[in-house]
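The values are calculated or read from the model by the stated rules, or taken from the named source; none is laboratory data. Keep in mind that this is a model prediction, so the values were computed, not measured. Neighbour counts are summed over all protein chains in view; Cβ atoms, including those assigned to glycine, are modelled from backbone coordinates with ideal geometry.
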Ligand code: ADQ
């Protein structure tokens, strides 16, 4: 079996791969352990030029090498904080209004990609398969190819791919797309994302796009078949494949974890403090794409238009700040704090606070047990590649008395979770009606919806996502 090399902006630590962090780290590490190989990327540290150049630092864990490098302040500013998170992230989430474009940041983005690729070259063996993750690393394959590498290289985009007109707001959009064509397989979260890429290729890049149709085990319930909706592209003198690979979770592990921790002190404390009120749970990174302010407004409408719910329902929003050195993230934080304060000022009582807004990170097992305790999972991003919180919420429920997922139609997960109440996050009234419906939903309907959602999660778990992608990548012809 060929070795696997995983490349991502951040590399999980060996401890995180043992289950304390998100399931993704555990899932990817599983594939690395089976095949043996390397996990390569940024360590998360900002260091001097001398230290950066001395890398990578290697840590061995069985057959897997964790290889990390530090970034200089300039590289961090231009590659990570700048072009990745102040240009690509907002535009790919349809927030051109929040995006900026600086030529030197783009140059830094390409420079860091080339530098990282050069560092990795020394660790690659001829038959290795290389799997690159996410928007920070679009030019990575191009950089490896220009060093003469002929291995199979695949790319998975965790976030949405925007429609051509939106992508074109990034001045070097054509270079970015040309870079993507240096991969052998491009994986997208949803059919819409793949279609947006195909549209760009056909209309703007004058490529040949062949839709090879749906090749999936989804309908038969069979696991481990090829990616859905395979496509083939010929452009810029290269041939590559595309596919839809919807990322999942390991639902039964989450269910077991949530049940195991449900009688722990933090859950008992929460229960006691709710004094019999219903609980709506929301958990996100603090990001403008997650629709937090819109969500608060819809909850406010519920209290405004349905006075019988005042004092009877609490929204707990857990949202630790991320990327707090990017300006638009400071703005969203201030707005959210202001809105939570205003709504609480309006509807609080001496013993009742409608919104509890907690800006901290929680252990994964704590989150899962809090999900299990709540009557509603309120997951309403404005745009989201997939949204694993939605899937974790479903998996954490008690099947005998499950909560209801209220989910945005703009989360990738909406295509799979047909048992959720789907909402448009731009429609505050529609969202407040969905909350009301979920709060009053009879047990039989909740159970039926939960079973539908769990079946979808089991059919397409994290292992299926990973194995399908790697199988398809291994089957593309070796580039010449
Ligand atoms: P994210 O934008 O980070 O991921 P999401 O898919 O919801 O969004 O994953 C977040 C993960 O972090 C979940 O596992 C969640 O449990 C955890 N998490 C969130 N808030 C937390 C908190 N307060 N404390 C502890 N853990 C917390 C990107 C894309 C998504 C895509 C994923 C995976 O933006 O669309 O689904 O990658 O591909």
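Checked against the criterion of being surrounded by 15 or more Cβ atoms within 10 Å (Cβ to Cβ) and modelled with pLDDT of 95 or more, the candidates 279, 270, 286 yield just one match: 279. Filtered by the rule that a residue be away from the ligand (no atom under 12 Å from the Cβ), surrounded by fewer than 24 Cβ atoms within 10 Å (Cβ to Cβ) and closer than 19 Å to residue 289 by Cα, the stretch 406-424 gives 409, 415, 422, 424. For the stretch 395-405, indicate whether the set of residues that are over 21 Å from the mean Cα position of the chain (by Cα), under 24 Å from residue 298 (Cα atoms), without any contact (Cβ under 8 Å) to a residue 24 or more places away in the chain and outside the structural domain of residue 241 (by TED's automatic domain parsing) is non-empty. Scanning the stretch 395-405, I find no residue that is over 21 Å from the mean Cα position of the chain (by Cα), under 24 Å from residue 298 (Cα atoms), without any contact (Cβ under 8 Å) to a residue 24 or more places away in the chain and outside the structural domain of residue 241 (by TED's automatic domain parsing), so the answer is no.
Specify which of the listed residues (63, 31, 52) is surrounded by 15 or more Cβ atoms within 10 Å (Cβ to Cβ) and within 28 Å of residue 474 (Cα to Cα). Step through it out loud before you land on a result.
On the way: 63 fails: surrounded by 15 or more Cβ atoms within 10 Å (Cβ to Cβ); 52 fails: within 28 Å of residue 474 (Cα to Cα).
Just one listed residue meets the conditions, 31.
The set of residues in the stretch 95-112 that are out of contact with any helix residue (DSSP H, G or I) (no Cβ under 6 Å at 6 or more places or on another chain) and either within 13 Å of residue 288 (Cα to Cα) or crowded, with 20+ Cβ neighbours inside 10 Å (or both) comprises 95, 96, 97, 110. Report, by residue number, each residue of the stretch 419-439 that is over 19 Å from residue 300 (Cβ atoms) and part of a loop (DSSP other than H, G, I, E, B). Selection gives 419, 420.
Would you point out the residue of the stretch 126-160, among those that are assigned to a helix (DSSP H, G or I) and within 16 Å of the ligand (Cβ to nearest atom), that is farthest from the chain's Cα centre (by Cα)? Break it down stepwise before answering.
Going residue by residue through the stretch 126-160, those that are assigned to a helix (DSSP H, G or I) are 135-137, 140-146.
Filter again for within 16 Å of the ligand (Cβ to nearest atom), leaving 135-137.
Values: 135: 11, 136: 13, 137: 15 Å.
The residue in question is 137.
The strands (runs of 3 or more DSSP E) falling completely within the stretch 224-304 that include 1 or more residues that are within 20 Å of residue 466 (Cβ to Cβ) and more than 14 Å from the ligand (Cβ to nearest atom) map to 228-235, 238-244. Taken together, 231, 243 contain a single residue that is crowded, with 23+ Cβ neighbours inside 10 Å and either under 30 Å from residue 323 (Cβ atoms) or touching a strand residue (DSSP E or B) at 6+ places or on another chain (Cβ under 6 Å) (or both), which is 243. The criterion of at least 3 residues that are closer than 29 Å to residue 391 by Cβ, touching a strand residue (DSSP E or B) at 6+ places or on another chain (Cβ under 8 Å) and in contact (Cβ under 8 Å) with a residue 60 or more places away in the chain is met by the following strands (runs of 3 or more DSSP E) wholly inside the stretch 1-120: 4-10, 37-46. Residues in the stretch 314-325 that are at pLDDT 95 or above and surrounded by fewer than 16 Cβ atoms within 10 Å (Cβ to Cβ): there are none. One residue stands out in the stretch 353-375 among those that are in contact with a strand residue (DSSP E or B) (Cβ under 8 Å, 6 or more places away or on another chain) and farther than 18 Å from residue 293 by Cα: the one that is farthest from the ligand (Cβ to nearest atom), namely 375. I'm trying to understand the selection: among the residues of the stretch 377-400, which are away from the ligand (no atom under 11 Å from the Cβ), surrounded by fewer than 24 Cβ atoms within 10 Å (Cβ to Cβ) and farther than 18 Å from residue 250 by Cα? Hits for the stretch 377-400 are 382, 400. Of 311, 403, all but one fail to be on the phi > 0 side of the Ramachandran plot, surrounded by 14 or more Cβ atoms within 10 Å (Cβ to Cβ) and away from the ligand (no atom under 14 Å from the Cβ); the exception is 311.
Inspection of the stretch 460-480 identifies no residue that is closer than 24 Å to residue 284 by Cβ, touching a strand residue (DSSP E or B) at 6+ places or on another chain (Cβ under 8 Å) and not in a loop (DSSP other than H, G, I, E, B). What do you reckon, is residue 44 at positive phi and more than 19 Å from the chain's Cα centre (by Cα)? No: the conditions fail for residue 44. Of the residues 328, 348, 359, 369, only one is at pLDDT 95 or above and assigned by TED's automatic domain parsing to the domain that holds residue 269; which? Sole residue among the options that is at pLDDT 95 or above and assigned by TED's automatic domain parsing to the domain that holds residue 269: 348.
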